[in-house]
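The structure under discussion appears below in the form of C-alpha cells.
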Amino acid sequence: MVETDDVEIMEIDEPTSESSKCNQQKSLKSNVPWIEKYRPQTFSDIVGNEDTVQRLSVFAKHGNCPNIIIAGPPGVGKTTTILCFAKILLGPSFKDAVLELNASNERGIDVVRNKIKMFAQKKVNLPAGKHKIIILDEADSMTDGAQQALRRTMEIYSSTTRFALACNNSEKIIEPIQSRCAMIRYGKLTDAEVLAKVLDICKKENVSYTDDGLEAIIFTSQGDMRQALNNLQSTVNGFNHVNSENVFKVCDEPHPLLVQNMLETCTQGDISKAYGILKHLWDLGYSPEDIIINIFRVAKNLDIDESLKLEFIKSIGLTHLGMVNGISSLLQLNSLIAKLCRIALDRKKT
C-alpha cells in the first residue's frame, strides 16, 4: 500500500512540475518588452529603408564587407540591422566573433586601447572571407581622443576585424574614420510602414484598438518604431484598449485636436478663443516645449493655404528657437498666438 501510494504521488507530482515550468516560461515571454520580443532577426523582417538593407544583405552573403557607418534618427533599425548583418555573416561564430559596445559603456580612449584592441588581437577560427565584427552603438558619443585612437586600430587589424558604427549624427564622427567606412544613411520610417508593423503586433497580441487609437500611436511616434511599440504596449498595459484618449494619456502630450482647433481659430483671427485653448493646455501642466512641438507637428498637416502655412511654420520655428535658448514661458506662447492671428488677418485684407 505504501509503495502504490508513493507511485501515485510521483505520478501526480511530475505533471504539476512540468506545468509549473511551462507557466514560468510563458510568464517570462509575456514580460519581455515588445521592442525586444518583436525585434527583427533577419533582413526580411526589417521595416523601411529597403535599398540600404538590400546593400547590407549582399555584404552578408558574400562576406569581406567594408567597415560601415549607419547614420540616422533613433528607432529606425540601425542597431537591429547591424545585429542581423553579423548573425547572417558569422552564423554559429556570432558569440565569439562579435564585440558590442553601446553608450552605456565607458567610451574613452582607454576602452579603445584596451578592450577594443584586445578583442581585435583575439584569434577566432572563421571561414575565408569572414571577419570579426566590433559594433559601436551611439558612436557619435565617443570622445575625440577615442576616435583618433580608433582610426589607427581600424588600419592595423583590417585583415581580421571589421567595424560597424551606428550613430544619430555622422557629423560628430571625425573625417578620418568616415573615409575608412562605407556610409549608409537611414531615414525616418513612413506612417504606412509604422502602421503595418503596429497592426501586425496588435493581431499577434490580440489587442483591442480603434482607428483613431492607431492614428494617435503614429502621431506620437513620428517615424520612430521603438517609440511606437513602447507607446502601444504602455497603452495596452494601462487601459487594455487603444484609442486616442488613452494613448495621449499614456504619452502625456497635448491632444492634437485641441492644438488643431487652436490653430484653426488663429486662421480666423479670433485671438480670445485661441488664447482660451492655449491657457487650457497650460493649466493641464504641459511644458512650453511640449506645446510648441505639437503645434509644429499639427501645423505641418493643417488644411490651409500653403503660403499661410509657411508663414505659420516660420513664426512657430522662431518661437521654438527662443524657447531652446531659455525663453520659455506662457508669455512667449501668447505672443505666438498673437503673431499667427495677425498674419491671418493681414492675409485676409490683401
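The values are calculated or read from the model by the stated rules, or taken from the named source; none is laboratory data. The structure presented is a predicted model; accordingly, all values stated were derived computationally and were not measured. When we count neighbours, we look across all protein chains shown, and the Cβ atoms used for this are built from the backbone with ideal geometry, even at glycine. Protein only, heavy atoms only, side chains kept; ligands, DNA and RNA dropped before computing areas. Shrake-Rupley method; radii C 1.70, N 1.55, O 1.52, S 1.80 Å.
Assorted remarks:
- Accessible surface of Asp200, taken over heavy atoms with a 1.4 Å probe and every protein chain present, rounds to 60 Å².
- Residues Asp346 and Lys249, FRET efficiency given R0 of 56 Å [Cβ-Cβ distance, rounded to 0.05]: 0.90
- Per residue accessible area of the stretch 65-160, 1.4 Å probe, in Å²: 46
- Each of Gln260, Leu345, Gly317 was scored by the projection of its Cα onto the charge dipole of the stretch 229-350, and the greatest displacement toward the positive side belongs to Leu345; charges sit on the C-beta of Lys, Arg, Asp and Glu.
- When the pairs Lys37/Lys314; Lys172/Lys279; Lys115/Lys204; Lys37/Lys61 are compared against a 32 Å limit on Cα-Cα distance, Lys37/Lys314; Lys172/Lys279; Lys115/Lys204 fall above it.
- Taking a straight line from the alpha carbon of Lys309, these lysines sit under 19 Å away, with near neighbours fewer than eight places off in the same chain left out: Lys300, Lys339, Lys348, Lys349.
- Relative to the longest principal axis of the Cα atoms of the chain, helix 191-204 runs at roughly 60 degrees.
- Relative contact order for the chain, counting Cα pairs under 8 Å that sit 6 or more residues apart, in percent: 15
- Accessible area, probe 1.4 Å, largest first, for residues His62, His280: His62, His280
- The C-alpha atoms of the chain define a longest principal axis, and helix 78-90 lies at about 20 degrees to it.
- Cα-centred dipole magnitude for the stretch 255-322, charges only on beta-carbon of K, R (+1) and D, E (-1), debye, nearest 20: 100
- Taking 19 Å as the cut-off, the amide N atoms of the stretch 30-44 that come nearer than this to a point 7 Å along the Cα-to-beta-carbon line of Glu205 belong to 30-41.
- Axis of helix 271-283 versus longest Cα principal axis of the chain: the two differ by about 40°, to the nearest ten degrees.
- Only the Cβ atoms of Lys and Arg (+1) and of Asp and Glu (-1) were treated as charged; on that basis the dipole of the chain about its Cα centre amounts to roughly 2000 debye.
- Cα-centred dipole magnitude for the stretch 173-300, charges only on beta-carbon of K, R (+1) and D, E (-1), debye, nearest 20: 380
- Accessible area of the chain belonging to carbon and sulfur atoms, whole % at 1.4 Å probe: 51
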